[in-house]
1. When residues of segment 305-327 are filtered for being among the aliphatic types (A, V, I, L, M) and without any contact (Cβ under 8 Å) to a residue 40 or more places away in the chain, how many remain?
2. Just the residues that are under 23 Å from the mean Cα position of the chain (by Cα), open to solvent by less than 50 Å² (accessible area, probe 1.4 Å) and of a type outside the set (Ser, Thr, Tyr), please, taken from segment 299-317.
3. Out of the residues in segment 196-220 that are under 31 Å from the mean Cα position of the chain (by Cα) and buried (at least 19 other Cβ atoms within 10 Å of the Cβ), which is farthest from PHE316 (Cα to Cα)?
4. For segment 232-262, name all the residues that are of a type in the set (Gly, Ala, Ser) and in contact with a His (Cβ under 9 Å, 6 or more places away or on another chain).
5. Return yes or no: is ILE265 farther than 19 Å from LEU321 by Cα, open to solvent by less than 30 Å² (accessible area, probe 1.4 Å) and in contact (Cβ under 8 Å) with a residue 60 or more places away in the chain?
6. Quick check, is ARG152 in a helix (DSSP H, G or I), at pLDDT below 90, in contact with a Lys or Arg (Cβ under 7 Å, 6 or more places away or on another chain) and charged (D, E, K, R)?
7. Can you tell me how many residues in segment 52-66 are within 14 Å of GLY205 (Cβ to Cβ) and of a type outside the set (A, V, I, L, M, F, W, C)?
8. Go through (1) open to solvent by 50 Å² or more (accessible area, probe 1.4 Å); (2) on the phi < 0 side of the Ramachandran plot one by one and return the number of the condition ASN159 breaks.
Amino acid sequence: MHRRTGRLACVPGCTAALAAWLGLATEPSLRPKRERMFQTFKEWFWLERFWLPPTVKWSDLEDHDGLIFVKPSHLYMTIPYAFVLIIIRHFFQKFIASPLAKTFGIKEEVRKKIIPNSVLENFFKHSTKKPSQTDIYGLAKKCNLTERQVERWFRRRQNQDRPCRMKKFQESCWRFTFYLIITIAGIAFLYDKPWVYDLWEVWKGYPRQPLLPSQYWYYILEMSFYWSLLFSLGSDIKRKDFLANVIHHLAAVSLMSFSWCANYIRSGTLVMIVHDVADIWLESAKMFSYAGWKQTCNTLFFIFSTVFLISRLIIFPFWILYCTLILPLHYLQPFFSYIFLNLQLMVLQVLNLYWSYLILKMLKRSIFTKSIRDVRSDSEDEYEEEEEEEEKKKEAREGKETDRLKNSLGANRHLIPNGQHGY
């Protein structure tokens, strides 16, 4: 028997073959080879010419004289912190956001259960969620139902998948709370830093700039939050800009990770504060929208629009991008991390332009309709809610008519011929 099966001689042949095929540690010569490959990749990935300006070495960024410098290993903590934030979010939504929603008059929606129907369910899943009148007629004949019953079944089935206002409010409340806290913390961390008021200070001494405790926690918490948003995308409400959100969260994590490893901490903190300051107003506007406070929602949305357009279309491109794209050239020759950093910031700016388009679209609609609806939501949501309310009113009217007829018949039983009392 070959040496490959040495340890597995007592194991059935199929198990030994599977273990050998999977390359488990039964071949000692394979282990050093894999280790060498990993070590080669690691050395290539961390080549100084990818991350640092020419003539600067990683040894220049080692801790000394009480000064602490950024290390890629610091970022490992963002993953467990992300799960901690998810746990905190769960309890926050349950014990703070839900009672607050009820205070605003938002109640848990009790969706009417649908009568199981395999024919309609199969059509709903594999054909379309919104059947045409011809489809409704055919399904009604097939299921021995009235067309109205089929329409009602599809409406209620659609409502089963539609997120309720309580869930929307909880998500917005959590994001509002985090953005509020992190923005206040960011202002507290940055207000006395010279590079906030003089952009030349961003590059003074780069990359030999020590890490401050405030910068560490600002970065780690922000990155952990975006990791938590990525991990919860599957359970959060999906909107039209779902793909844009995925790209945004990945770009944010990638940008923060890269800027951390290359020690672009000063410019990174400026990028974060500029992008966080507008989100507070958006999430607060959404909260009041879900609560039905339309006038307050509109006011907050106009504030958000103003802050967003100024921060993302003026301050970010003409202040931050100018700082990262133009000013470094007065100190350094272009190098890889400088190019890669600015490419990521430009991707972020493209997303800012996309969201600005959506915001302007909402503003345009509000001018003519006097109300604001989140264009990122499923376009059918509001229509379905109105349709559901109308359906409830119709059912209530039908119920009243039925009760009135029964009462009328009960009061005039002697008028019913042939002794037929409607049993």
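1. 6
2. LEU300, PHE301, PHE304, VAL307, PHE308, LEU309, ARG312, PHE316
3. Across segment 196-220, the extreme among qualifying residues is LEU211.
4. ALA252
5. The answer is no for ILE265.
6. No, not satisfied.
7. Within segment 52-66, residues that are within 14 Å of GLY205 (Cβ to Cβ) and of a type outside the set (A, V, I, L, M, F, W, C) number 2.
8. The number of the failed condition is (1).
The values are calculated or read from the model by the stated rules, or taken from the named source; none is laboratory data. Because the structure is a prediction, the values reported are computed rather than measured. Methodologically, a virtual Cβ is constructed for each residue, glycine included, from the backbone with ideal geometry; neighbour enumeration extends over all protein chains shown. Protein only, heavy atoms only, side chains kept; ligands, DNA and RNA dropped before computing areas. Shrake-Rupley method; radii C 1.70, N 1.55, O 1.52, S 1.80 Å.
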